[in-house]
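Only one structure is covered here, and it is reproduced in the block below.
Just so it is clear, none of the values below were taken in a lab; they were calculated from the coordinates. What you see is a predicted model; the values in this text were computed from it and never measured. Cβ: placed from backbone, ideal geometry, glycine included. Neighbour counts: every protein chain shown.
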Amino acid sequence: MWARWVAFVRRVGFAWSRRRLDAETRRELDTHLDLLVDRFVRSGLSREDAYAAARRQLGNTTLVREEIYQMNSAGLMSDVVRDARYALRGFTRTSGFTAAVVLILAIGIGANAAIFSLMDELLFGDLPYPNGDELVAVYESQGANFYNSATPENWVDWQRESRSFRSLAAWTYDGATLTGEGDPVTLTGQLVSAEFLPLLGIEPMLGRAFTQEEDRPNAPRVVILSHGLWQSRFGRDPDILGRTVELSPAFGGQRGGNLYEIVGVMPEGFSFVPANGPAELDYWMPLALERAGASMGHFIAVLGRLRPGITPEAAQSEMSALNERLVDERGYGEEWSVTVAPLQADRVRDVRTSLLLLFAAVGALVLLACFNVAGLLLARGVHRRQEMAIRVSLGAGRAAIVRQLLTEGLMLALAGAGLGVLVSQWTVRGLVALAPISLLETMELGLDGRVLLYILGLSMVTAIVFTLAPALTSGRESLGRHLAAMSRTVTHTTRLRQGLVIAQVALALILVSGAGLLGRTLQELLGGDAGLNAENVLSLPISLPPTRYDRSARIAFLQEAVERLENLPGVQSASAGRTLPITGVAFTMPFHVEGTPEIPPPGQTAGIDDVATTRIREVTPGYFRTLGVPVVRGRDFSPDDLREDAPPVFIVNQAFVRQYFPARDPLDAAMSVVPVGSGILDGRIAGVVGDVKEVSLRMDAEPVVFIDHRHVTFPGTTLFVRADRTQGLPQAAVQVIREVDPNLPVTPVWLEEALAGSVARDRMNATVLGAFAATALVLAAFGLYGLLVYIVADRTREIGIRMALGARPREVLVSVAGQGLRLVIPGVALGLAGALALSRSLESLLYGVAPYDVATLAGGLGLLLSVALAAIWVPSRRATLVDPLIALREDQHFL
């Protein structure tokens, strides 16, 4: 491909040069022909005879033009080759300068290209579905939360009465255990309505989509496999359709059995991954909801395809009006509204602010790199003005000088762009590893043609413009006039470089301050009080298939597994709970506290929105001790609470007490709870425990009620083990589970690592912006250092004279350092103003730190000043070592 580009550029160059030479030759021949005609006319011939005689004497003009072209084109190519060789020799002599320019271009442009690729793919790229711009996500909204799940009841009504959509499909996530095909493995899938795949416009690679008859309760159990699962577990079997596999769904699906018929295999690369979804899916099953008298619970996601000509805004208006009418007809649900969001924007809604922040930060970094390169090239250009003047005096034309400088700029630009491609690829890999959205793992992020042109164009504009600076004032003036103008040129160039350095200091301070705020946020999140002690706690998520585990079998399994885990060497305690705290999900269910008539009992109101709800967690005895959650009052669950005849008891957290028992003792108070899979449980509060953040480290603790696990039929659970963090503990814990049930897949995860994953977005923000800020500091210091070295070299004669007249080294040091500080101070002033403006825009990303945090700004300022003083000290110290005798004998120039 490179050879084709070279050949194309060569053909274009030859065509342009030929047209230019042909025009010049034709003008010269016409002029010569007119002179001959005038001579023959003066000799007495008529105008017509004179023209014929002149043509005969001139000969074949076409042949003459061809010979001139061959001669001149060979000379042109020879000149270009000679200029390239001369540039290479110059770059070799100034290898430090060349390496600095290429490296700075590569860093700035490579990082910018990586962020550009990410932004282009996530914010502006096409969805991998036909007419993806027609796809929207439809949510139910409550208060400030615009992205709640919808109810099946509303979905059915929307399907029937909405006119903005060609189709509306429902789906939700599911999990299952695959057995009978090698080792048991936990799969992640989706339960989808029959409209789902046709709405996306995607057909299975093998087989078919689900039918309406299969998307009904008690329908035959069918499944569609992903291409990855078909390849890894079934060896790409082309005859897999109609085959039965053993799947045990964890979260629902078609109950009543675990044998599923394979009716399709999806194409390679297909994976419907919206916001906060898993990176890959393994299977799809029918949602199988009862549409007549559908449920009122919020647990499904709704996907829609707009009709042609309908915008998301128009659909939003219709759905809002439809929701108001449905609320009036039902008499409940007035707190809920509807949100219609384009799918392209919806899938990155949680990281959109982060992406825009990174794009702004990398833009500042590119400016820094360009300013730095511009300063280097301007300094080199000033040094070469004498060379340009000599070449002009010896007869070189402006075109020859421009061609030479253009060749040098192109070579620098291409080298910087080539290295920038490598930098961008490394940066993309790092962004994918740090990104908190799993959909990046399914994308093929890379450098397409647009990004490559972007890199090449940016590098050429930077390098060529400032490389040509010495030629902008070169002409046919004499060498003496050029040399006389040197002082003025040096002064103007120095002032321009000073302005560039001030801008670099300001941009560096802005980036450092922003990185400091985000770093403080990450520190507060990781170091804050989450309400538990995750150190040395191993989590073991498992799913107990309902087809093999009824209520009694489930209780027996958990008791045996916990006992075996506690007997492992080094284990201090073990227990079980529904999901991981903070990163997991605790269901919100109705409850009622006895003696509080203002909170109606469950089941005695017209609608579910009128019932008080709280988060419910199902745990085993020892859960609080294992996770380091303190029991503030009362007691923990005990083995006696697990007896069949024991009455239910509840344990609540302090947030529950603050909200519902502000003026009375909660212990032994009676209450009713409605957990998943059970009827109403009536019991008493036996204890109060500390608050644990349930949803996010950013959110305050919410009211939670803990019940013992024997009242729950939910198949998913997580075992927790507190032990010495030895290398073999995860393997030993997995072996214990396999001994109890060899068909249960389990993947051990240290709780500290799981909690760290919950702040992935904040880690990406802090890490990437921190890397940009560190690079900006280095570039700003390099620019300041380079300018002062240039100034010292330019003032060498002056410094030598001053020292010969008695100036002390300290006075020289203060003089040079003062020049550097006079650049830093205005840069700091501008940077502080920019940092304050940036802080306000970062407010939504901060936690535990104010936007105008004085300590963070002071720390960033101190770091910048330290780096700047180090950059100032070295050339200032060098100035004090100037030998007056050498300085007076030589007029040195800086390169």
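Pop a pseudo-label 7 angstrom from the Cα along the beta-carbon direction at both Glu739 and Arg307 and give the gap in nm to one decimal.
Going from the Glu739 label point to the Arg307 one covers 6.5 nm.
Residue by residue, what Karplus-based ³J(HN,Hα) values in Hz, rounded to whole numbers, does the range 310-327 have, using 6.51, -1.76 and 1.60 with θ = phi - 60° and x for Gly and Pro?
3J(HN,Hα) across the range 310-327, in whole Hz: 8, 8, x, 5, 5, 5, 4, 4, 5, 5, 5, 5, 5, 5, 4, 5, 5, 4.
For the residue pair Val81 and Ser866, what label-to-label distance in nm results when each label sits 7 Å from Cα along the Cα-to-beta-carbon direction?
For Val81 paired with Ser866, the spin-label model returns 5.6 nm.
What is the list of residues in the range 105-141 whose amide nitrogen lies under 19 Å from a point 7 angstrom out from the Cα of Glu335, following Cα to Cβ?
It comes to 139-141, nothing else.
Return the long-range amide H neighbours of Ser573 (sequence gap of 5 or more, or a different chain), with a cut-off of under 5 Å between placed amide H atoms.
Arg722
For the range 144-334, what class follows from the C-alpha gyration tensor (a ≥ b ≥ c being the square roots of its eigenvalues): rounded when a/c is under 1.5, otherwise prolate if a/b is larger than b/c, else oblate?
prolate
R0 = 51 Å: FRET efficiency of Leu88 with Arg429, Cβ-based, nearest 0.05?
FRET efficiency, Leu88 to Arg429: 0.95.
With the crude spin-label approximation of a point 7 Å out along Cα→Cβ, what separation in nm comes out for Ala837 versus Arg325?
4.9
For a quick check: with amide H placed at 1.01 Å from N, whose amide H comes under 5 Å from Ser162's, ignoring anything fewer than 5 positions away on the same chain?
Hits under the 5 Å cutoff: none.
Can you find, among Leu326, Thr311, Trp155, the residue farthest towards the positive end of the dipole of the range 144-334? Put +1 on the C-beta of Lys and Arg, -1 on that of Asp and Glu.
Value: Thr311.
Find how much the distance from Asp350 to Ala804 grows on full extension, using 0.36 nm per residue of separation minus their present alpha carbon separation; answer in nm with one decimal.
156.8 nm
Below 8 Å, C-alpha to C-alpha, sequence gap of six or more: please give me the relative contact order for the range 615-748 in percent.
Numbers: 194 pairs, mean separation 42.4, N = 134.
After rounding, I find 32 percent.
In nm, what is the difference between 0.36 nm times the number of residues separating Glu161 and Arg684 and their Cα-Cα distance?
Here the answer is 183.7 nm.
If I take R0 = 22 Å and measure r between the Cβ atoms of Ala553 and Thr747 in this structure, what FRET efficiency does the formula 1/(1 + (r/R0)^6) give, to the nearest 0.05? Don't skip to the end; give the middle numbers.
Numbers: r = 22 Å, r/R0 = 1.02.
Efficiency computed from Cβ-Cβ geometry: 0.45.
Calculate, for Glu594 and Glu203, the FRET efficiency according to 1/(1 + (r/R0)^6) with r their C-beta to C-beta distance and R0 45 Å; round to the nearest 0.05.
With R0 = 45 Å, the Cβ-Cβ based efficiency is 0.20.
Does a label point 7 Å from the Cα of Val874, set along Cα-to-beta-carbon, have any residues of the range 771-789 with amide nitrogen under 15 Å, and which are they?
Output list for this probe position: 777-789.
For Glu563 and Asp49 in one chain, what is 0.36 nm times their gap in residues minus the Cα-Cα distance, to one decimal in nm?
Answer, rounded to one decimal: 172.9 nm.
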